[in-house]
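Asker: The structure that follows is given in the form of structure tokens.
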Amino acid sequence: MACIVALAAGCSVVKLSYNNADTLTLLWLNRYVDLDAGQEAWTKDRVREFYVWHRATQLPDYAQMLLRTRTLLQSPVTKADMLALNAEMATRLDVATTKALPDLATLALQLSPEQIAHMERKFEKNNAEFRKDFLDTDTEQRQENRYKTVLWLAEFWFGRFSPEQEAVIKRASYARPLINELWLSERLARQRDLIVVLKRIQAEKPSPHATLALLKDQAVRATGIANIPNAATRAEAEAAAAHATQLAATIVNLTTPEQRQRAMDKLQQWADDFVALSLDGR
């Protein structure tokens, strides 16, 4: 269930955030590559066009997915149900990524060595923050921090839990393996690979088609545990993901009818918001 939190944080926030998504996306890109004036004007136009497409074609589909999830909550759920929901989310991410990649390939061909170096520094800053947040504590503190995050997400959906419910959630959370070091290692590997590819594009100036193929390979690497190249790392990550999926099912199944209704009401409101946004061309 945690994956859907990324879609929305409340009905008014959904509309406000989505109506400013083009501006926020441009700001995000600027933080990584420090676009020059010409690049920024071109990118702003392409981002705007992306969201015109996304609003018209993707939001209605998101609304239907949320309504299917709402129906799912009307009865006990299984780990398989949670896996299917995750797969739906991944499919929609793939569609959006595929749409954006040709423009990202065009932008990659315009990047200077200085801009790629800027991205490397941004990665280094982000990784330092990751280490501080997830590695610079002992095992017990990491477990407790993760449990608090799990509980916050669960309460976001279902409201307050009883002490007995919290105890079940805590045991299930603590039973999951801690693999923060693995996530950092995989993150660093993806970043290194991307920088190598961008430097190659900058130096060799391949055709747009060849550039797109290079970036597609990077996107595949970044969008799923199944695409982690190292077999041992992939197996460990898959085991951790299986534990997380079981935890989600456990939380849903311990909720009361009133708690489930709260989550179902949220899903209905968000689905309504997505439909309204899809019809609003601003």
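The values are calculated or read from the model by the stated rules, or taken from the named source; none is laboratory data. Everything quoted here is computed from the prediction, not taken from an experiment. Virtual Cβ from ideal backbone geometry, glycine too; neighbours counted across all protein chains shown.
Asker: Give me the residue from segment 59-70 that is closer than 16 Å to Val95 by Cα and free of Cβ contacts under 8 Å to residues at least 40 places away in the same chain and, out of that set, surrounded by the most Cβ atoms within 10 Å (Cβ to Cβ).
Answerer: The extreme case among them is Met65.
Asker: Has segment 71-86 got at least one residue that is closer than 17 Å to Asp272 by Cβ and either surrounded by fewer than 16 Cβ atoms within 10 Å (Cβ to Cβ) or more than 20 Å from the chain's Cα centre (by Cα) (or both)?
Answerer: Yes, some residue in segment 71-86 is closer than 17 Å to Asp272 by Cβ and either surrounded by fewer than 16 Cβ atoms within 10 Å (Cβ to Cβ) or more than 20 Å from the chain's Cα centre (by Cα) (or both).
Asker: Hey, another quick one. Test each condition in (1) more than 23 Å from the chain's Cα centre (by Cα); (2) without any contact (Cβ under 8 Å) to a residue 24 or more places away in the chain; (3) more than 30 Å from Ala219 (Cβ to Cβ); (4) in a helix (DSSP H, G or I) for Val196 and report the one that comes out false.
Answerer: Val196 satisfies all of (1) more than 23 Å from the chain's Cα centre (by Cα); (2) without any contact (Cβ under 8 Å) to a residue 24 or more places away in the chain; (3) more than 30 Å from Ala219 (Cβ to Cβ); (4) in a helix (DSSP H, G or I) except (3).
Asker: Another question, then. Tally up the residues in segment 209-223 that are modelled with pLDDT under 85 and surrounded by 14 or more Cβ atoms within 10 Å (Cβ to Cβ), please.
Answerer: Qualifying residue count for the region: 2.
Asker: Name the residue that is surrounded by the most Cβ atoms within 10 Å (Cβ to Cβ), counting only residues in segment 235-279 that are closer than 21 Å to Ile169 by Cα and of a type in the set (Val, Ile, Thr).
Answerer: Among those that are closer than 21 Å to Ile169 by Cα and of a type in the set (Val, Ile, Thr), it is Ile251.
Asker: Would you confirm whether any residue within segment 94-104 is outside any helix (DSSP H, G or I), at pLDDT 95 or above and within 21 Å of the chain's Cα centre (by Cα)?
Answerer: No, the conditions are met nowhere in segment 94-104.
Asker: Another one. In segment 99-106, is there at least one residue being farther than 30 Å from Ala240 by Cβ, acidic (Asp, Glu) and surrounded by fewer than 16 Cβ atoms within 10 Å (Cβ to Cβ)?
Answerer: No, segment 99-106 has no match at all.
Asker: List pairs: first residue in segment 88-100 and closer than 28 Å to Asp45 by Cβ, second residue among the hydroxyl-bearing types (Ser, Thr, Tyr) and at pLDDT 95 or above anywhere in the structure, Cβ distance under 8 angstrom, at least six positions apart or on different chains.
Answerer: Every condition considered, the pairs that remain are Arg92/Tyr62.
Asker: Quick one: in segment 162-188, which of the residues that are without any contact (Cβ under 8 Å) to a residue 40 or more places away in the chain and small (Gly, Ala, Ser) is farthest from Thr137 (Cα to Cα)?
Answerer: Ser162
Asker: So, in segment 212-265, how many residues would count as being over 18 Å from the mean Cα position of the chain (by Cα), in a helix (DSSP H, G or I) and β-branched (Val, Ile, Thr)?
Answerer: Total meeting the criteria: 4.
Yes/no matrix, rows are residues, columns are (1) surrounded by 11 or more Cβ atoms within 10 Å (Cβ to Cβ); (2) among the charged types (D, E, K, R):
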site	(1), (2)
Met119	yes, no
Asp138	no, yes
Asn145	yes, no
Lys148	yes, yes
Glu155	yes, yes
Gly159	yes, no
Ala167	yes, no
Lys170	yes, yes
Ile179	yes, no
